[in-house]
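For reference, the structure discussed in these notes is given below.
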2 protein chains.
Amino acid sequence: MPPPYPRHLFVCTNRRPEGSPKGCCASKGGEDLRFEFKKELDAQGVKGVRANGAGCLDACERGVAVVVYPEGVWYQGVSKDDVRELVREHLVGGRPVERLRMKPFERSKG
Amino acid sequence: MPPPYPRHLFVCTNRRPEGSPKGCCASKGGEDLRFEFKKELDAQGVKGVRANGAGCLDACERGVAVVVYPEGVWYQGVSKDDVRELVREHLVGGRPVERLRMKPFERSKG
């Protein structure tokens, strides 16, 4: 479906130069994760959710970041093993997956 | 500021291969547009808005697409000349800029 999407999921796929101290979501599998979301959304027959790549979501040091709009639920350290549960619980069931929720940051600017 | 951001603006910066019939937002200045938003948000002293790059937002044939969450307002064909108004009216004033709003699509899948 074309935009506007009823729900819009962004996966950080940002790529930093090799050796960056924070690492980057591209090197942590961000792009693979995005494809896993697309595949799983299809597999579970979910319509109206776009799984998009995004530039830096500024949580690189915590593994791959994901945010779901319009509800604005953030996840950190998401891996392919989490995708089935995220789709079933959050995107189908409307229940965010608490164990993966992004923890507050103490830095004021990252 | 780190995530979660009170407001999150995505600019399509998707790059397609040369000669793609739809064109792509990278070739239409998506990345420059994103920097213009960052610059203008700073210039107008706006806090709490992240101007992010995004992969394909599926409106390539209409110029650069922008979406603002959590309100889910979509814009099409945005240029650098529009940025000051978008920041002042929408991101500061809370009034979406109607002339730039994305028009409905007739295609069911793009």
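The values are calculated or read from the model by the stated rules, or taken from the named source; none is laboratory data. The model shown is predicted, which means the values in this text are computed figures rather than measured ones. Note that we place each Cβ from the backbone using ideal geometry, even for glycine, and neighbour counts take in every protein chain shown. What goes into the accessible areas is simple: the full protein's heavy atoms, side chains included, and nothing from ligands, DNA or RNA. Shrake-Rupley method; radii C 1.70, N 1.55, O 1.52, S 1.80 Å.
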*Which of the residues that make up region B:15-39 are open to solvent by 40 Å² or more (accessible area, probe 1.4 Å) and not acidic (D, E)?*
B:R15, B:R16, B:P17, B:G19, B:P21, B:K22, B:S27, B:K28, B:R34, B:F35, B:K38, B:K39
_Could you go through region A:40-48 and let me know if any residue there is buried (at least 20 other Cβ atoms within 10 Å of the Cβ) and over 23 Å from B:D32 (Cα atoms)._
yes
*Taking the residues in region A:13-31 that are within 14 Å of chain B (Cβ to nearest Cβ) and among the charged types (D, E, K, R) as candidates, determine which candidate is nearest to B:A59 (Cα to Cα).*
A:E31
*Say whether the condition of being under 17 Å from B:R101 (Cβ atoms), out of contact with any strand residue (DSSP E or B) (no Cβ under 9 Å at 6 or more places or on another chain), among the acidic types (D, E) and within 13 Å of chain A (Cβ to nearest Cβ) is met by at least one residue in region B:46-61.*
yes
*closer than 23 Å to A:L9 by Cα and among the β-branched types (V, I, T): does that describe B:V87?*
no
_Residue under evaluation B:S79, criteria (1) more than 10 Å from the chain's Cα centre (by Cα); (2) open to solvent by 10 Å² or more (accessible area, probe 1.4 Å); (3) more than 9 Å from chain A (Cβ to nearest Cβ), criterion not met_ = (1)
*Tally, over region A:4-24, of residues that are of a type outside the set (S, T, Y), at pLDDT below 95, in contact with a Lys or Arg (Cβ under 8 Å, 6 or more places away or on another chain) and within 21 Å of B:N14 (Cα to Cα)*: 2
*Determine, yes or no, whether B:R101 is under 11 Å from the mean Cα position of the chain (by Cα) and more than 21 Å from A:V67 (Cβ to Cβ).*
yes
*Quick one: would you say B:E71 is of a type in the set (D, E), within 14 Å of chain A (Cβ to nearest Cβ) and open to solvent by less than 80 Å² (accessible area, probe 1.4 Å)?*
yes
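Pick from B:G94, B:G77, B:G45: which is closer than 30 Å to A:E31 by Cβ and either of a type outside the set (A, V, I, L, M, F, W, C) or in contact with a Pro (Cβ under 6 Å, 6 or more places away or on another chain) (or both)? First the steps, then the outcome.
Working: B:G94 fails: closer than 30 Å to A:E31 by Cβ; B:G45 fails: closer than 30 Å to A:E31 by Cβ.
Exactly one of B:G94, B:G77, B:G45 is closer than 30 Å to A:E31 by Cβ and either of a type outside the set (A, V, I, L, M, F, W, C) or in contact with a Pro (Cβ under 6 Å, 6 or more places away or on another chain) (or both), namely B:G77.
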_Unmet criterion (only one of (1) farther than 21 Å from A:L57 by Cα; (2) surrounded by 21 or more Cβ atoms within 10 Å (Cβ to Cβ)) for B:A65_ = (1)
